[in-house]
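Student: What follows is a structure written as structure tokens; I'll ask about it next.
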Amino acid sequence: MKILVTGGTGYIGSHVVVELLQKGDEVIILDNLINSKTTSLANIEKITGKMPTFYQENLINYGAIEKIFKDHDFDLVIHFAGLKSVSESVEKPITYYQNNLTGTINLLKCMRDFHVKKLIFSSSATVYGDSNEPKCVETMPTGKGITNPYGKTKFMIEEILKDVCTSDSEFSAVALRYFNPVGNHSSGLLGEEPNGIPNNLMPYVMKVASGELPELSIYGNDYDTPDGTCRRDFIHVTDLAKGHLAAISALNTPGFKAYNLGTGTPTSVLEMVNAFEKVSGRPLPYKFAPRRAGDLAEIWADPSKAKNELNWQAELTIEDAIKDTLTFLENHRDMV
Ligand code: UD1
């Protein structure tokens, strides 16, 4: 199959590209490199022995996207490209709405004009908002109590996809609702390299482990959870990537479908830190700090729909993710 992957040099996109190339698909990557580097292309080639075709373009530029669709006859599109910082989205809502929504609309317009009717969208558990049970099932209502523009773009794009599927009885769209992706490819060649001080837990832990930052702040230890810290569903990014390949089968039936990609097991922030110390054999300096605004006490996936319909389930553990993170850090020691 010939697959367009938008955002294919990014953290999750690059892991999906590796799995697709290893399966034998032809991959064309579109990425503006705003939050990734071309080194991930070289590393994809090192892992798979194949170099995907690459276009450095922004989905905002309709003409450039149209040209790529003229040059290639795609079977399907996997759409990762988008801005993803919760805090930045609160500061720059217009930038987030323009990038994520206009970018997606441009992509959908090209897909319509060039008769490409299959799309997998990189969505998030954030669409469940703050008014549901902590264990999320796809039948729960979405969109209520989303606290930031980034999360709202994920919800809004899901709604747009539903409307596109209603208007075109041949169109199929799958939204994959990610929980908390962690870890990296076991080679340690690909991984998350955020610019500046990270917001997310594991990128922050990595900077503390490498000595770049002095200590981790654990936001809140007075939640109504077993150890007082928040609980999340941390899923190895390789399991997550494999979920995309499994989701391709769901594109054979037209219409909109959503699937949770999570392990089904919550892990607390403190448990994550303890596991990191155990696997690395070194202490990870941390302190308890006040709660972070907008955080949910706990949220995890009910992954049974993906298991039943896609025959997919997470297989790797948080210890696997930590081990692979340490390999990544070892490989990038000279960059720290
Ligand atoms: C957030 C977003 C989610 C997005 C994900 C990945 C919301 C509500 N959540 O998830 O949509 O997909 O990021 O970008 O919009 N923590 C610390 N110290 C730190 C960093 C984090 O204690 O330095 C804690 C947080 O308080 C939280 C947990 O670690 O309890 C996970 O945080 P994080 O990695 O930022 O992910 P989420 O907030 O779950």
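The values are calculated or read from the model by the stated rules, or taken from the named source; none is laboratory data. Just so you know, these numbers come straight off a predicted model, no measurement behind them. When we count neighbours, we look across all protein chains shown, and the Cβ atoms used for this are built from the backbone with ideal geometry, even at glycine. Side chains are part of the model used for accessible areas, which takes the heavy atoms of the whole protein and leaves out ligands, DNA and RNA. Shrake-Rupley method; radii C 1.70, N 1.55, O 1.52, S 1.80 Å.
Student: Could you list, in sequence order, the residues of the stretch 20-58 that are buried (at least 20 other Cβ atoms within 10 Å of the Cβ) and charged (D, E, K, R)?
Tutor: Once the filter is applied, which keeps residues that are buried (at least 20 other Cβ atoms within 10 Å of the Cβ) and charged (D, E, K, R), the stretch 20-58 yields only ASP31.
Student: I'd like the full set of residues that are among the hydroxyl-bearing types (Ser, Thr, Tyr) and farther than 27 Å from VAL208 by Cα, limited to the stretch 275-329.
Tutor: Just the residues of the stretch 275-329 that are among the hydroxyl-bearing types (Ser, Thr, Tyr), to begin with: 280, 286, 304, 317, 325, 327.
Passing the criteria: only SER304.
Student: So, in the stretch 270-292, how many residues would count as being open to solvent by 40 Å² or more (accessible area, probe 1.4 Å), more than 10 Å from the ligand (Cβ to nearest atom) and not charged (D, E, K, R)?
Tutor: Here the count works out to 6.
Quick grid of which residues meet (1) small (Gly, Ala, Ser); (2) surrounded by fewer than 19 Cβ atoms within 10 Å (Cβ to Cβ):
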site: THR253; (1), (2): no, yes
site: LEU261; (1), (2): no, no
site: LEU296; (1), (2): no, yes
site: ALA301; (1), (2): yes, no
site: ALA321; (1), (2): yes, no
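Student: Turning to a different aspect of this structure: Scan PHE74, PHE80 and give me the residue that is farther than 24 Å from PRO198 by Cβ and either in contact (Cβ under 8 Å) with a residue 24 or more places away in the chain or loosely packed, with under 15 Cβ neighbours inside 10 Å (or both). Show your work before the answer.
Tutor: On the way: PHE80 fails: farther than 24 Å from PRO198 by Cβ.
Criteria check complete, one pass: PHE74.
Student: Is it true that some residue in the stretch 205-218 is among the β-branched types (Val, Ile, Thr) and in a loop (DSSP other than H, G, I, E, B)? Lay out the reasoning, then the answer.
Tutor: Start the filter on the stretch 205-218 by keeping residues that are among the β-branched types (Val, Ile, Thr), which leaves 205, 208, 218.
With in a loop (DSSP other than H, G, I, E, B) added as a condition, the list becomes none.
No: the stretch 205-218 contains no residue that is among the β-branched types (Val, Ile, Thr) and in a loop (DSSP other than H, G, I, E, B).
Student: Then there is this: Out of GLY243, GLY264, report the one residue that is farther than 20 Å from ALA293 by Cα and either at pLDDT below 95 or not in a loop (DSSP other than H, G, I, E, B) (or both). Please lay out each step first, then the result.
Tutor: Values: GLY264 fails: either at pLDDT below 95 or not in a loop (DSSP other than H, G, I, E, B) (or both).
Going through GLY243, GLY264 in turn, the sole match is GLY243.
Student: For the stretch 1-19, give me each residue that is without any contact (Cβ under 8 Å) to a residue 60 or more places away in the chain and open to solvent by 10 Å² or more (accessible area, probe 1.4 Å). Don't jump to the end; show me each part of the working.
Tutor: Step one: list which residues in the stretch 1-19 are without any contact (Cβ under 8 Å) to a residue 60 or more places away in the chain, which gives 9, 17.
Answer for the stretch 1-19, where residues must be without any contact (Cβ under 8 Å) to a residue 60 or more places away in the chain and open to solvent by 10 Å² or more (accessible area, probe 1.4 Å): there is none.
Student: I'm trying to understand the selection: among the residues of the stretch 165-183, which are away from the ligand (no atom under 14 Å from the Cβ) and either assigned to a helix (DSSP H, G or I) or touching a helix residue (DSSP H, G or I) at 6+ places or on another chain (Cβ under 6 Å) (or both)? I'd like the intermediate steps shown before the answer.
Tutor: At the first step, the residues of the stretch 165-183 found to be away from the ligand (no atom under 14 Å from the Cβ) are 165-174.
Those that are away from the ligand (no atom under 14 Å from the Cβ) and either assigned to a helix (DSSP H, G or I) or touching a helix residue (DSSP H, G or I) at 6+ places or on another chain (Cβ under 6 Å) (or both): CYS165, THR166, SER167, PHE171, SER172, ALA173, VAL174.
Student: Could you list all residues from the stretch 90-132 that are farther than 30 Å from ALA293 by Cβ and surrounded by 19 or more Cβ atoms within 10 Å (Cβ to Cβ)? So that I can check it myself, show each step before the final result.
Tutor: Taking the stretch 90-132 and keeping what is farther than 30 Å from ALA293 by Cβ, we get 105-120.
Passing the criteria: ASN106, LEU107, LEU108, CYS110, MET111, VAL116, LYS117, LYS118, LEU119, ILE120.
Student: I've got another one for you. Mind listing just one residue for me: the one in the stretch 282-298 that is more than 21 Å from the chain's Cα centre (by Cα) and in a strand (DSSP E or B) and, of those, nearest to LYS323 (Cα to Cα)?
Tutor: TYR286
Student: Okay, moving on. For the stretch 94-136, give me the residue count where each residue is touching a helix residue (DSSP H, G or I) at 6+ places or on another chain (Cβ under 7 Å), among the polar types (S, T, N, Q) and not in a helix (DSSP H, G or I).
Tutor: So the answer is 3.
Student: Among TYR96, TYR55, which is the only one that is touching a Leu at 6+ places or on another chain (Cβ under 6 Å) and either closer than 19 Å to ILE157 by Cβ or among the polar types (S, T, N, Q) (or both)?
Tutor: On the way: TYR55 fails: either closer than 19 Å to ILE157 by Cβ or among the polar types (S, T, N, Q) (or both).
None of the other options fit; the residue is TYR96.
Student: Separate question: Could you please let me know if ALA306 is within 16 Å of the ligand (Cβ to nearest atom) and at pLDDT 95 or above?
Tutor: On the way: within 16 Å of the ligand (Cβ to nearest atom): no; at pLDDT 95 or above: yes.
It is false that ALA306 is within 16 Å of the ligand (Cβ to nearest atom) and at pLDDT 95 or above.
Student: Same structure, new question: Only residues that are part of a loop (DSSP other than H, G, I, E, B), within 12 Å of the ligand (Cβ to nearest atom) and among the polar types (S, T, N, Q): list them for the stretch 137-156, please. Quick ask: steps written out before the conclusion?
Tutor: Initial filter on the stretch 137-156 (part of a loop (DSSP other than H, G, I, E, B)): 137-148.
Filter once more, keeping what is within 12 Å of the ligand (Cβ to nearest atom): 145-148.
Listed by number, the residues that qualify are THR147, ASN148.
Student: Give me the residue from the stretch 213-229 that is within 13 Å of the ligand (Cβ to nearest atom), open to solvent by 10 Å² or more (accessible area, probe 1.4 Å) and not hydroxyl-bearing (Ser, Thr, Tyr) and, out of that set, nearest to PRO266 (Cα to Cα). Before the answer, list the steps.
Tutor: Taking the stretch 213-229 and keeping what is within 13 Å of the ligand (Cβ to nearest atom), we get 213-223, 225, 227-229.
Subset that is open to solvent by 10 Å² or more (accessible area, probe 1.4 Å): 213-215, 217, 219, 221-223, 225, 227.
This time we only want the ones that are not hydroxyl-bearing (Ser, Thr, Tyr), so: 213-215, 221-222, 227.
Values: LEU213: 27, PRO214: 27, GLU215: 24, ASN221: 16, ASP222: 17, ASP227: 12 Å.
Going through the qualifying residues, I end up with ASP227.
Student: Check the stretch 184-200 and report whether any residue there is of a type outside the set (Ser, Thr, Tyr), open to solvent by less than 40 Å² (accessible area, probe 1.4 Å), within 14 Å of the ligand (Cβ to nearest atom) and within 26 Å of LYS135 (Cα to Cα).
Tutor: Checking the stretch 184-200: not a single residue is of a type outside the set (Ser, Thr, Tyr), open to solvent by less than 40 Å² (accessible area, probe 1.4 Å), within 14 Å of the ligand (Cβ to nearest atom) and within 26 Å of LYS135 (Cα to Cα).
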